[in-house]
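The next block holds one structure in the form of structure tokens; read it before the comments.
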Amino acid sequence: MIDELVSDIEERFGELERELADPAVIADRARFAQVSRAYRDLERPAKLAAEYRRTADDVAGARELLAEDGDDPELRALLSSARERLSSLEHEIRLAMVEPDPNDAKNVIVEIRPGTGGEEASLWAGDLYRMLTRYAERLRFEVEPLSIGEGSYTFAVKGDGAYSVFKFEGGTHRVQRVPQTESQGRIHTSTATVAALPEAEDVEVEIDPADLQIDVYRSSGPGGQSVNTTDSAVRVTHRPTGMVVSMQDEKSQLQNRERALRVLRARLYERARAQQQAAVAANRQAQVGTGERAEKIRTYNFPDRRVKDHRVNLLSHDLDGILMGDLEQFTAALQDQEKRQTLAEQPLG
């Protein structure tokens with residue numbers, strides 16, 4: 001019943017308010033951060049619950065007046081409007097209370113790879129890298145490059161809720177534009193793939209060292225030019241799955257090894273999560289696909305200066321702003337769609 005849900009929200013929100021004022025909680029930084037996050041998560045449902053109470057009182061009051069004074073057109077119109085709002089609020093409250101993805105608060109590792117389109121696909125991957133890192137900076141997240149080169153980009157985005165934002169960027173991004181190398185002015189279609197992986201903690205993914213093959217080699221730059229004279233580059237192969245991660249950006253072999261293990265851990269975590277939650281198809285391969293042009297989540301059309309997200313059928317004509325990292329409208333629409341889908345699959349009582 002909605003009334004029970006509203007009561008639960010009010011009671012829990014009151015508890016959180018009292019905890020935030022408790023000196024013992026304030027003195028405990030970890031506890032205070034946890035309570036503050038819970039308070040923020042419940043703030044909107046609490047506001048909706050308060051409005052629900054007021055609207056329910058309006059409905060009850062209008063009914064009493066109609067019973068006493070007979071049929072009053074203005075009063076009947078007020079009752080009808082209040083009933084409609086009450087029904088809308090019930091849906092909004094249920095939607096606001098949908099349980100978030102448990103990984104939403106995590107940091108995220110993003111991998112960008114060229115898809116179809118040759119050299120233009122590599123250039124497009126670089127554009128996506130700049131777009132996504134600018135978006136992270138707009139949201140005041142920390143960006144940590146992990147491996148950059150040859151048209152491929154791997155980086156971490158750190159901050160509370162990073163995965164809840166960047167998980168929606170996973171998939172094939174299609175671009176339609178005239179490449180700089182095209183002398184005839186013909187429009188080409190190219191793609192790049194993005195995988196967004198929640199960064200796993202050591203305790204969440206246990207990697208048996210015996211399952212790893214670790215090779216070291218000399219880092220090299222464009223054209224085979226030696227970057228340094230030591231064997232600092234690292235290639236880690238996870239034998240049970242065949243996953244391979246290579247890192248060479250750091251001069252320290254130890255740093256490259258640690259970065260490779262972070263990426264491997266994230267891939268293994270996502271793989272295990274996908275197997276456990278096959279219904280939501282959240283695995284890395286489902287995000288990336290094959291990079292074919294038909295497998296797109298978003299199309300960036302340069303001649304018409306527009307961007308369309310095919311998952312929510314949202315069209316924007318601000319191509320330049322989007323490439324500068326203004327992606328909030330897409331994230332908001334996709335987060336709303338996710339909540340609605342979750343609500344439909346698991347209706348609250």
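For the chain, what size does the Cα cloud have along each of its three principal axes, sorted from largest down, in whole Å?
That gives 91, 60, 34 Å along the principal axes, largest extent first.
Return a single number: how many Lys pairs in the chain, at a sequence separation of 8 or more or on separate chains, have alpha-carbon atoms below 29 angstrom apart.
Eligible lysine pairs with Cα atoms under 29 Å apart amount to 20.
Give me the percent relative contact order of the chain, please, defined on Cα pairs under 8 angstrom at least 6 residues apart.
The normalised contact order for the chain reaches 16 percent.
If you take the beta carbon distance between GLN213 and GLU142 as r and set R0 to 30 Å, what does 1/(1 + (r/R0)^6) give as a FRET efficiency, to the nearest 0.05?
0.40
How many angstrom lie between the C-alpha centres of the range 74-109 and the range 117-145?
Cα centroid to Cα centroid, the span is 34 Å.
Considering the convex hull of the alpha carbon atoms of the range 52-125, report its projected area averaged over all viewing directions, in nm², one decimal.
9.9 nm²
Working from Cα positions, state the angle (0 to 90°, nearest 10) between the long axis of helix 2-20 and the longest principal axis of the chain.
70 degrees
If you stretched the chain out fully between VAL312 and ARG44, how much longer would it get, using 0.36 nm times the residue separation minus the C-alpha to C-alpha distance?
Roughly 94.1 nm would be gained on extension.
Just to check, using Stokes-Einstein with a Kirkwood Rh over alpha carbon pairs, what's the diffusion coefficient of the range 2-96 at 37 °C and 0.692 mPa s in µm²/s?
216 µm²/s
Nearest 500 deg cm²/dmol is fine: what mean residue ellipticity at 222 nm does the chain get from its DSSP H runs of n ≥ 4 alone, each adding -39,500 (n - 2.57), divided by its residue count?
-16000 deg cm²/dmol
Quick one: angle between helix 328-345 and the longest Cα principal axis of the chain, in degrees between 0 and 90, rounded to 10, please.
Long axis of 328-345 versus the principal axis of the chain: about 60 degrees.
For the Cα atoms of the chain, what angle does the longest principal axis make with the long axis of helix 253-276, in degrees from 0 to 90, nearest 10?
50 degrees
If I take R0 = 51 Å and measure r between the Cβ atoms of LEU343 and ASP72 in this structure, what FRET efficiency does the formula 1/(1 + (r/R0)^6) give, to the nearest 0.05?
Given R0 = 51 Å and the Cβ-Cβ separation, E is 0.85.
Coordinate-derived values only; no laboratory data. Bear in mind that the values here come from a model prediction, so they are computed numbers and not experimental data. All Cβ positions, glycine included, derive from the backbone under ideal geometry; neighbour counts span all protein chains shown.
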